[in-house]
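Here's the structure, in structure tokens; my notes come after.
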Amino acid sequence: MTAPRTLYRKLLDSHTVTRLDDQNILLFCDLHLMNEYTSPQAFSGLLDRKRDVAMPGQNVATVSHIIPTDPVRHRIILDPASLQQAQRLKSNCKQQGIPLFDTNDELQGIEHIIAPEHGMIRPGMVAICGDSHTTTYGALGALGFGIGTSEVEHVLATQTLVYRTASDMRIRVDGQLPLWSTAKDLVLMIIGRIGAQGARGYVLEFCGSAINALSVEARFTLCNMAVEAGARGALIAPDAKAVDYVLQRATDIDGPQRESALEYWSTLYSDSDALFDCEHVFDASAVIPQVTWGTSPDQVIPITAAVPEAIGAQRESTEKALSYTKLSPGMVLEGVAVQHVFIGSCTNARIEDLRQVANIARGRKVSPGVRAMVVPGSGAVRQQAEDEGIARILLDAGFEWRKPGCSMCLAMNNDVLADGQRCASSTNRNFEGRQGRGAITHLMSPAMAAAAAIKGCITDVRQLGVAHD
Amino acid sequence: MFVNWGWHMTDKSLLVGAAAAIKIDNLDTDQIMPKQFLRGLDKSGLDKGLLWDLRYDELGQTRSNFILNQPEYSKVTVLIAGANFGCGSSREHAVWGLLQFGIQAVIAPSFGEIFYSNCMNNGLLSVMLPQALLDALMAEALQQTGPMTVEIDLEEMVVRSPASRSEFMLSDRHRAMFLDGTDMIESTFSHEVDIAVFSEIHWSKYPWLRDIASRTKERIDTL
Ligand code: SF4
């Protein structure tokens, strides 16, 4: 009899080429995704030592971080340095036979959105990327995590990583999320409770009735944000919903292969007596729409609560954060004016997110003085939103409807906020300067961000009187 | 304590460094190396961007009160930092920038996970000390006028300051990587046959994972 294993251990076991020592294994990586800004030095490293890419067919790249998102047919990267990065990615991929979603590819998009939407992420695989939000793929029962550029080079050269194994954490969430409380609110609440380092050193597994009830897209949001609690991975055991999502997209899996895939995927869960090093339990029915008040994703409160006092061990960090966000202890966030609304990013720029935004925008207007941008996560999402009439609704309401990219999630392209501007944002990081030097970011769900656009201030989406779809 | 800043002449097992304390928790890699410095194709010029917003104000003027801008701290080689140092974005530029600035070691109670790996892969020593010991070291450094001399001893696995001696842990692998400057790719190449055998068995079990990227891209391009 084999000892009971967690899902994480099962994934490690099926990808261990060899054990290197008691903490490290040589981990085989099924899929490696690349972007334009964390890969050029890795390719140069290979070139310098005359090394080739070991298995080009297991690698894919996309231009997403530096790309302008202006709604023009043919996108031109004006910034010379950024243009060079895009060109270099193209020549590197061409030289090494790596498929690329190039600047004007109709299906171009944010790496963590395009990989699953085309069926590239499948349960039981290991998928890595030079980007921390690679944890997203755990939503389909795939082990995903971010790596640095040295490791990008290592994967290119060997299709493996020297991998330090993590500990196991389980987060159980039961109960039903209330109307307007989304996976984003749930994960923000969890990060708020366990802290920005609460899952550091762990791969966590989400389970419970509230997780089962989430759509696959909502699960992406949840696993995507797990890295903001410091997690080295976030998994959800694949269920029928996840399998359907994959099979609809991975149309190459058919015939007898399909049978064996289904059989294998049905083994991907934590054994009932498997041991976790740490467990947390949350109640979904208690989740109120969340908004961050500080400069770390764990500095978050329900929209109904007041900004905390700067006391105890958190005194200095609270004071520092509040001085940056220009807020004070005891105040409520409802009514705090925003100049900008950003709806996008690998956290919340999928079709379901945009449907929620459209639901709020329908028949309403963006408040005067607010610039509200919607940046779909990929060309496919953009197309679908146009087909469904979402784009029309957004444009009529006064939102900008832009081309896909990371955009103001990290503001590495020309979508940058000015000093002091306050932004309601559906993204994942409210770090100082993330959306522009001196710019203030409030993380929230896409629905909450849309509500802020309409009201011109941070507001409780539940009070807007919108019927929930 | 003798002062001969930098790595000990004979090997890298003893660093005698001038340390600066930056008491900020969750100092993320966006702050360590802001996005405007990520546009390069190589690793050069990143010392300029290090901790940019802490070092310069919105007009690009030096913030003279920030510790690394004070003349007596211009040669520091060690940072004493807060919890979760280097959390956030995976950008290795943060580590390259620290090294180019002259920082050879960071001592903190904890590090962002990807940052920690990035440090090891670049020979930037990241020393994790328990919070209480770190707090004491930080307080000692903050009380000094001018940089505090610290010794990081990889033989005895201790950090010494004028008033303290703290043991720390580093895995054998990381210690060896640091001392020998192991070329990780070269050492993985010694498993080349294992990888080839593994991948064939893996793909016979899970054929839907073979060439998953190239096959998917071909499929969607022909739609
Ligand atoms: S959308 Fe933001 S978090 Fe996601 S990959 Fe792009 S920059 Fe990173």
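The values are calculated or read from the model by the stated rules, or taken from the named source; none is laboratory data. Keep in mind the model is a prediction, meaning the values are calculated, not measured. Please note: Cβ atoms are built from the backbone with ideal geometry, for glycine as well, and neighbour counts cover all protein chains shown.
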Strands (runs of 3 or more DSSP E) wholly inside the stretch A:138-195 containing at least 2 residues that are touching a helix residue (DSSP H, G or I) at 6+ places or on another chain (Cβ under 8 Å) and away from every other protein chain (no Cβ under 14 Å): A:167-174
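Go through A:349, A:372 for me and flag whichever is within 16 Å of the ligand (Cβ to nearest atom) and at pLDDT 95 or above.
Going through A:349, A:372 in turn, just one is within 16 Å of the ligand (Cβ to nearest atom) and at pLDDT 95 or above: A:349.
Conditions tested, residue by residue: (1) in a loop (DSSP other than H, G, I, E, B); (2) away from the ligand (no atom under 16 Å from the Cβ); (3) on the phi > 0 side of the Ramachandran plot.
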| position | (1), (2), (3) |
| --- | --- |
| A:86 | no, no, no |
| A:91 | no, yes, no |
| A:94 | no, yes, no |
| A:112 | no, no, no |
| A:121 | yes, no, no |
| A:124 | yes, yes, yes |
| A:127 | no, no, no |
Residue A:106 being among the acidic types (Asp, Glu) and within 16 Å of the ligand (Cβ to nearest atom): no
Residue match in the stretch B:131-145 (condition: within 20 Å of residue B:22 (Cβ to Cβ), in contact with a helix residue (DSSP H, G or I) (Cβ under 8 Å, 6 or more places away or on another chain) and crowded, with 16+ Cβ neighbours inside 10 Å): no
Count of residues meeting criterion [within 13 Å of another protein chain (Cβ to nearest Cβ) and either under 21 Å from residue A:461 (Cα atoms) or modelled with pLDDT of 95 or more (or both)] in the stretch A:293-317: 6
Residue match in the stretch B:120-128 (condition: among the β-branched types (Val, Ile, Thr) and surrounded by fewer than 17 Cβ atoms within 10 Å (Cβ to Cβ)): no
Of all residues in the stretch A:6-33 being touching a residue at least 60 places away in the same chain (Cβ under 8 Å) and over 17 Å from residue A:142 (Cβ atoms), the one that is farthest from the other protein chains (Cβ to nearest Cβ): A:25
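Yes or no, residue by residue, for (1) surrounded by 16 or more Cβ atoms within 10 Å (Cβ to Cβ); (2) of a type in the set (Ser, Thr, Tyr); (3) without any contact (Cβ under 8 Å) to a residue 60 or more places away in the chain; (4) not in a helix (DSSP H, G or I):
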site	(1), (2), (3), (4)
A:251	no, yes, no, yes
A:260	no, yes, yes, no
A:263	no, no, yes, no
A:273	no, no, no, yes
A:279	no, no, no, yes
A:282	yes, no, no, yes
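Report, by residue number, each residue of the stretch B:25-49 that is closer than 27 Å to residue B:162 by Cβ and either more than 7 Å from chain A (Cβ to nearest Cβ) or among the hydroxyl-bearing types (Ser, Thr, Tyr) (or both).
Listed by number, the list holds a single entry, B:27.
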Meets criteria (within 14 Å of the ligand (Cβ to nearest atom), aliphatic (A, V, I, L, M), over 22 Å from residue A:248 (Cβ atoms) and at pLDDT 95 or above) for residue A:147: yes
